[in-house]
Amino acid sequence: MVFSDSSFFNAAIDWLAYGMWDLHWWEIVLFTLAMTHITMISVTVFLHRHQAHRALDLHPIASHFFRFWLWLTTGQVTKEWAAIHRKHHAKCEQPEDPHSPHVHGIKTVLLQGYELYRAEAKNKETLARFGHGTPNDWLERQVYARFSWMGVVLMLAIDILLFGAAGLAVWAVQMAWTPVMAAGIINGAAHYWGYRNFEAPDASTNLSPWGILIAGEELHNNHHTYPTSAKLSVKSYEFDIGWFYIRALQMLRLARVKKTPPKAAFGAVRAVADEKTLEALIANRYELMARYAKSMRQTVRLEMAAMRERSADVAVIRAAKRWMHRDVEKVPAAVATELAKARAASPMLDKMVTMREELRQMWLNTSVSREQLANDLHGWCLRAEASGIAALHDFSLKLRAARV
């Protein structure tokens, strides 16, 4: 009883209940969210855009802050993260992809994404082939990589010191945030659900046009289209908060951006589609094909409205409309028959699908000379403008106006 009534015991109980900071529950929640936000910014700016893709350079002060913070809140080894992510891009949606939901299954990636990551981190070949150029100084070798577990243990001690018993919950959220948000949602959902601005050569999607919760990584289709860009937003309605922080670091002279998404320029319509037009097409192919896809979707709506007016069955068009602007090899076998029926039901849409594939071959065909490709592009434009299809005609004029 003497011990129970002692000031030491009371102080210990008080500390377990409130910690050094006597905060309300909502203040602890805000603190936890702020901490996880800094962690996600560290992942996207340092690990992803700086280390994995070299889209920007960071001042040593900023770089060391991010390294320390990630060691403290994730125990992440920079070389492992960069190597696995680079391999993901190199082998995207293929059997060697470390965490593709189309290979491992969406449920596995969502729920066991961190386990997939840890398994790949043990692959010495992956680290040797894709881990080049990452930090290899004394601090990395002797602290961050060698004792990667020590940072999260220190973070646990800090949380308990600040919040008492509630610090365990704060620490648990911090430790789970990156595995759930990055290893699960980005690697899983962002290759499975969402919208696509561009026909990137994989299944990447944008989860939301407002990249805030996961620091801009929600704009994943944009990233896979322009992987070496420091900015992930490309549309006027999209917001990449990671880019906001990069711009702030730029103003403080702590960062230097190397690349951002290219943007097509347009001038007067050329009399003919020549080698300059071909150059503009190849350089801006993703943006131009996104414009083509938009025109095709508008044409689909007009065609369906016209079919309703003549009491024709629009169900066959509706069933396949989402696949008409996709690359041939990206159309699932299960819907190939529906797409064929839709094309047969509408010669106009069939023409647009056919000419889209012909246009795509302009940069895929490496066995033809530049001069021949320019001639082929000129012929394509002539046929598009003579097709009687307004969308094709307008797109051809836009293409002839494109500049590098």
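The values are calculated or read from the model by the stated rules, or taken from the named source; none is laboratory data. Just so it is clear, the structure is predicted and the values come from calculations on it, not from any experiment. Ideal geometry is used to build each Cβ from the backbone, glycine not excepted, and the neighbour counts take in all protein chains shown. Remember, those area values only see protein heavy atoms, side chains included, never the ligands or the DNA or RNA. Shrake-Rupley method; radii C 1.70, N 1.55, O 1.52, S 1.80 Å.
General observations
- Peptides 369-381, 299-311 ordered by average Cβ neighbours within 10 Å, highest first: 369-381, 299-311
- Neighbourhood charge, 11 Å Cβ-Cβ cut-off, centred on GLY133 and excluding it, Lys, Arg +1 and Asp, Glu -1: +3
- Cβ crowding within 10 Å averaged over residues, with 358-364, 136-142, 395-401, 154-160 ranked highest first: 395-401, 154-160, 358-364, 136-142
- Nonlocal Lys pairs with alpha-carbon distance under 18 Å, the range 251-404 (8 or more apart, or different chains): 13
- For the range 334-399: rounded, prolate or oblate by the Cα gyration tensor [a/c cutoff 1.5]: oblate
- Around ARG54: net Lys/Arg minus Asp/Glu count, Cβ-Cβ under 11 Å: +3
- Gap separating the Cα centres of the range 255-302 and the range 157-174, nearest whole Å: 51
- Taking all protein chains into account, the per residue accessible area for the range 310-404 stands at 52 Å² (1.4 Å probe).
- Folded to 0 to 90 degrees: helix 78-90 orientation relative to the chain principal axis, Cα: 20
- Segments 288-296, 69-77 sorted - mean Cβ within 10 Å per residue, highest first: 69-77, 288-296
- Near GLY216, the amide H atoms lying under 5 Å from its own belong to ILE241, GLY242; only residues 5 or more places off or on other chains count, and H is placed 1.01 Å from N.
- Amide hydrogen neighbours beyond the local backbone of ARG403, cut-off 5 Å, H modeled: ALA265, PHE266, GLY267
- Interchain or long-range residues, amide H under 5 Å from GLY164's placed H: GLY19, MET20
- ³J(HN,Hα), Karplus 6.51/-1.76/1.60, whole Hz, each residue of the range 275-292, x for Gly, Pro: 5, 5, 5, 4, 4, 5, 4, 5, 5, 10, 4, 5, 5, 5, 6, 5, 5, 5
- Ratio of Rg to Rh over the chain (Cα coordinates, Kirkwood Rh, two decimals): 1.09
- Cα gyration tensor shape for the range 76-164, rounded if a/c is under 1.5, else prolate or oblate: oblate
- Share of carbon and sulfur in the accessible heavy-atom surface of the chain [1.4 Å probe, %]: 61
- Averaged per residue, the range 79-234 has 44 square angstrom of accessible surface, using a 1.4 angstrom probe with ligands and nucleic acids left out.
- Against the main long axis of the alpha-carbon atoms of the chain, helix 347-364 sits at an angle near 70°.
- To the nearest ten degrees, helix 106-121 and the longest principal axis of the Cα atoms of the chain are 70 degrees apart.
- Note that the range 167-176 has calculated 3J(HN,Hα) couplings of x, 4, 5, 4, 5, 4, 5, 4, 6, 7 Hz, one per residue in order, obtained from phi through the Karplus relation 6.51 cos²θ - 1.76 cosθ + 1.60 (θ = phi - 60°); glycine and proline are x.
- Formal net charge of residues neighbouring MET181 (Cβ-Cβ distance under 15 Å; K, R +1; D, E -1): -2
- For the range 275-404, the alpha carbon convex hull comes to 99 Å³ per residue, rounded to a whole number.
- Per-residue [θ]222 nm for the chain (sum of -39500 (n - 2.57) over DSSP H runs n ≥ 4, rounded to 500): -17500 deg cm²/dmol
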